[in-house]
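Below: the structure, in structure tokens.
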Amino acid sequence: MCTGGCARCLGGTLIPLALFGFLANILLFFPGGKVIDDNDHLSQEIWFFGGILGNGVLMIFPALVFLGLKNNDCCGCCGNQGCGKRFAMFTSTIFAVVGFLGAGYSFIISAISINKGPKCLMANSTWGYPFHDGDYLNDEALWNKCQQPLNVVPWNLTLFSILLVIGGIQMVLCAIQVVNGLLGTLCGDCQCCGCCGGDGPV
């Protein structure tokens, strides 16, 4: 497969992942599927916008760049030294690094939140974090420490787990594009895929 075609495939995969991450972060603002009265009662990590910024905004731009490489058809480049194929692939590598950092940001925020647990109303009628070092992950009975919002523990755990998985997948895909982009920069898309027989310049 041409390096441009590979980038297009990666971009097409990153778009829905970015949208899912964006949506998951939005849902975190409605613990248990309900509107909360005081925003101060939301977990702190929600306000870091891991899914909106990391999985979403910082991933959309790289994905669009990858998809745009489909216009640099490898056979169409042959015989035209000014087509900018190598520069386009190098640019995609830079955007892949940006996407990797964004996904990594969301991954770290999600991991911290999962380990910390949600902010909720505790038995002493105060809002705080009743769990320590992820102890609630192996003991569902501890979930009763959260009295309000209802079902906030499984809600946060599910959504942050989704963001964690999405972030991990996005990091892998962006890492693949870094390698793919470097290959396209060094050897050129036409020469690598051989669709023009390797006779023309790249």
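The values are calculated or read from the model by the stated rules, or taken from the named source; none is laboratory data. Model, not experiment: these values are computed from the prediction. As a convention, Cβ positions derive from the backbone with ideal geometry for all residues, glycine included, and neighbour counts pool all protein chains shown. Accessible surface is based on the protein model in full, side chains and every heavy atom, while ligands, DNA and RNA are left aside. Shrake-Rupley method; radii C 1.70, N 1.55, O 1.52, S 1.80 Å.
Taking the stated definitions as given, is Asp189 at pLDDT below 95, acidic (Asp, Glu), closer than 29 Å to Leu10 by Cα and crowded, with 19+ Cβ neighbours inside 10 Å?
Numbers: at pLDDT below 95: yes; acidic (Asp, Glu): yes; closer than 29 Å to Leu10 by Cα: yes; crowded, with 19+ Cβ neighbours inside 10 Å: yes.
Answer is yes for this residue.
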Before we move on, is Ala63 touching a Ser or Thr at 6+ places or on another chain (Cβ under 9 Å), modelled with pLDDT of 85 or more and either crowded, with 16+ Cβ neighbours inside 10 Å or not in a helix (DSSP H, G or I) (or both)?
yes
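Is it fair to say Phe107 is without any contact (Cβ under 8 Å) to a residue 24 or more places away in the chain and touching a Leu at 6+ places or on another chain (Cβ under 7 Å)?
Details: without any contact (Cβ under 8 Å) to a residue 24 or more places away in the chain: no; touching a Leu at 6+ places or on another chain (Cβ under 7 Å): yes.
No.
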Do you know which residues across the range 101-131 are open to solvent by 20 Å² or more (accessible area, probe 1.4 Å) and over 27 Å from the mean Cα position of the chain (by Cα)?
Leu121, Met122, Ala123, Asn124, Ser125, Thr126, Trp127
So, in the range 145-186, of the ones that are open to solvent by 40 Å² or more (accessible area, probe 1.4 Å), more than 26 Å from the chain's Cα centre (by Cα) and of a type in the set (A, V, I, L, M, F, W, C), which residue ends up modelled with the lowest pLDDT?
Leu186
